[in-house]
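Have a look at the structure below, then the notes.
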Amino acid sequence: MDNFTPEELEEALRAVNSTIGKCEKVLPKLKPGTPQHTLLTRRIKALYISSSLIEQALESRNEQGGSARS
């Protein structure tokens, strides 16, 4: 993730976290076992992974003193 500025990563993190919230709000309205419920559950898991990876990239940059783009 060295190709992204910290600002870009922070904006992406906000967008991903917002999408997680919206998906979690809709999930209870879907009947468990339906394709829509399964898809949304998997999508939420993928978004949590994305969020975690973005946070790790930001933490890594902070530990390195905000290194320049490569």
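The values are calculated or read from the model by the stated rules, or taken from the named source; none is laboratory data. This structure is a prediction, so every number in the text was calculated from the model and none was measured. Because the Cβ atoms are built from the backbone with ideal geometry, glycine has one as well, and the counts that use them run over all protein chains shown.
Here are the numbers for the structure shown:
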read-out: Close pairs from region 22-49: first closer than 22 Å to ALA12 by Cβ and free of Cβ contacts under 8 Å to residues at least 60 places away in the same chain, partner part of a loop (DSSP other than H, G, I, E, B) and not basic (Lys, Arg), Cβ under 7 Å, at least 6 apart; value: LEU40/LEU30
read-out: Check on GLY33, modelled with pLDDT under 95, at positive phi, loosely packed, with under 11 Cβ neighbours inside 10 Å and not acidic (Asp, Glu); value: no
read-out: Breaking point among (1) modelled with pLDDT under 95; (2) in contact with a helix residue (DSSP H, G or I) (Cβ under 6 Å, 6 or more places away or on another chain), for ASP2; value: (2)
read-out: GLU24 more than 16 Å from ARG61 (Cβ to Cβ) and of a type in the set (Asp, Glu); value: yes
